[in-house]
Amino acid sequence: MKSKKSIELLGKVSFLELFSELMISVHMDEQIIKEDIFSPFRPLQKNLRKIYHHKLVEASLQEKIKETGKHYNRFSKQLDEYKKDLYNKTYDMIVGSTLEHWDEFHDVALEASRGLKPLMLNSGINQVMRQELEQFHLDQTGTLGTQKLKEIYQGIRRIIILENILIQIGFNSIFPSETHDEINELKDSLKVWYKAHLTLQSLTYFISHEPRPSAKYVNWLKDLTKVKKSLSLKAEGQAKSLFDKLLV
C-alpha cells in the first residue's frame with residue numbers, strides 16, 4: 001500500500017458512490033436500481049479515508065518537527081504502528097476480495113446509463129444537489145460543532161463534483177462565479193481545519209495513554225486546541241455567509 005495511490009483510489013471510489021446516487025436519482029420512478037449498489041465498497045472506502053486522515057496527521061507532525069526542531073519519537077512510533085496495521089488490513093481487503101461486487105456494480109451502472117439524455121442527468125444532478133443543500137441548514141445563532149463542519153466539508157466537495165459534471169454535459173453552472181469563489185474558499189478553510197482537528201484527535205489519544213506526557217506534547221496540545229478553535233470560527237463565518245446565498 002502506498003499513501004498516494006490509496007488517496008487516488010479513495011477519490012475514484014467516492015466518485016463511484018456519488019455516481020450511484022446520481023443514477024438512483026435519475027431512475028427514481030423506474031426502479032432500475034432497487035438497492036444501494038455501492039454498499040459492498042463502503043468498508044474499503046472507510047479504510048481508504050483512514051489512510052488519508054493518517055497522512056494528514058503525519059504531515060502535521062513533520063511540520064511541527066520542522067517548526068520547533070524537536071523530535072516527537074513516541075508519538076511518531078505510535079503513528080507508524082497504526083499505519084502498518086491499517087495498511088496491512090486495507091491491502092488484505094483489496095487483494096482478498098472477489099470481482100463479483102465490481103461486476104455487479106458495472107452491470108447495474110451500465111444498464112442505468114443506457115439511453116440517458118442530458119436533461120435527465122441535469123434533473124438527477126439537481127435532485128442530488130438539493131439533498132446535499134438540505135444538510136446545510138444551520139443554526140445562525142449557535143456554533144456548528146465538529147460533526148457539522150465535517151459534514152459541510154464533505155458536502156462542499158460533492159457539490160463541486162456535481163457542478164463540474166453539469167458543465168461537462170453542456171449546462172450552465174447552478175451558482176454564479178462569485179459564489180463558486182466562496183465555495184472554494186470555504187473548502188480550503190475546512191481542509192486546514194480538518195487537518196488540525198485530526199491531529200488534535202490523534203495527539204489527544206496519544207497523551208491519554210501516556211503516564212507522564214512531556215511538556216512538548218502538552219504544549220502542542222494546547223496550541224492545537226487554540227488553532228482549531230480559531231479555524232472553526234473562521235469556517236463558521238464563511239459557511240453562514242455562503243449558505244445565506246445557497247439556501248434561498
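The values are calculated or read from the model by the stated rules, or taken from the named source; none is laboratory data. Because the structure is predicted, anything quoted here is derived from the model rather than measured. Note: ideal-geometry Cβ built from the backbone for every residue, glycine included; neighbour counts use all protein chains shown. Heads up: the accessible areas ignore ligands, DNA and RNA and are worked out on the full protein's heavy atoms, side chains in. Shrake-Rupley method; radii C 1.70, N 1.55, O 1.52, S 1.80 Å.
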Nearest 10 degrees, 0 to 90: what angle lies between the long axis of helix 42-68 and the longest principal axis of the chain (Cα atoms)?
40
Given the pairs Lys2/Lys46; Lys50/Lys150; Lys2/Lys216; Lys55/Lys89; Lys5/Lys117; Lys148/Lys191, which are separated by over 23 angstrom at their Cα positions?
Lys2/Lys216; Lys5/Lys117
Checked against the structure, the computed Rg and Dmax of the Cα atoms in Å among [x] 20.5, 60; [y] 18.2, 56; [z] 20.8, 65 is the one labelled [z]
Of Glu100, Glu132, Glu21, which has the largest mean-square fluctuation in a 10 Å C-alpha GNM of the chain?
Glu100
Hey, can you find the accessible area per residue of the chain for me, probe 1.4 Å, expressed in square angstrom?
59
Kindly state, to the nearest 0.05, the FRET efficiency for Asn88 paired with Leu110, given R0 = 25 Å and r defined as their beta-carbon distance.
0.15
With only Lys, Arg, Asp and Glu charged, each at its Cβ (+1 for the first two, -1 for the last two), find how big the charge dipole of the range 95-179 is about the Cα centre; round to the nearest 20 debye.
280
For every helix of n ≥ 4 consecutive DSSP H residues, a contribution of -39,500 (n - 2.57) applies; sum these over the chain, divide by its total residues, and give [θ] at 222 nm rounded to the nearest 500 deg cm²/dmol.
-27500 deg cm²/dmol
Between 0 and 90 degrees, rounded to the nearest ten: what's the tilt of helix 3-26 against the longest Cα principal axis of the chain?
30
Quick check: from the Cα gyration tensor, does the range 96-216 come out rounded (a/c under 1.5), prolate or oblate?
oblate
For the range 159-243, rounded, prolate or oblate, judged on the Cα gyration tensor with a ≥ b ≥ c (square roots of eigenvalues), a/c < 1.5 rounded, else prolate if a/b > b/c?
prolate
For Glu67, solvent-accessible area (1.4 Å; no DNA, RNA or ligand), Å²
140
Please check which bits of the range 68-96 a label hung off Lys46 would reach, taking the label as a point 7 Å along Cα-to-C-beta and the cut-off as backbone N under 20 Å.
82-96
Return one number: the angle in degrees, 0 to 90 and rounded to the nearest 10, between the long axis of the Cα atoms of helix 145-168 and the longest principal axis of the Cα atoms of the chain.
40
In whole percent, the fraction of accessible protein surface over the chain that belongs to carbon or sulfur atoms, probe radius 1.4 Å, stands at 53
Could you tell me the center-to-center distance, by alpha carbons, between the range 1-75 and the range 192-216 in angstrom?
22
By the Cα gyration tensor axes a ≥ b ≥ c (a/c under 1.5 gives rounded; else a/b larger than b/c gives prolate, otherwise oblate), the shape of the range 23-161 is oblate
Residues of the range 47-75 with backbone N under 17 Å of the label point set 7 Å from the Cα of Ala215 along Cα→Cβ are 68-72
Mean separation of Cα contacts under 8 Å (at least 6 apart) over the residue count of the range 1-126, i.e. the relative contact order in percent, is 42
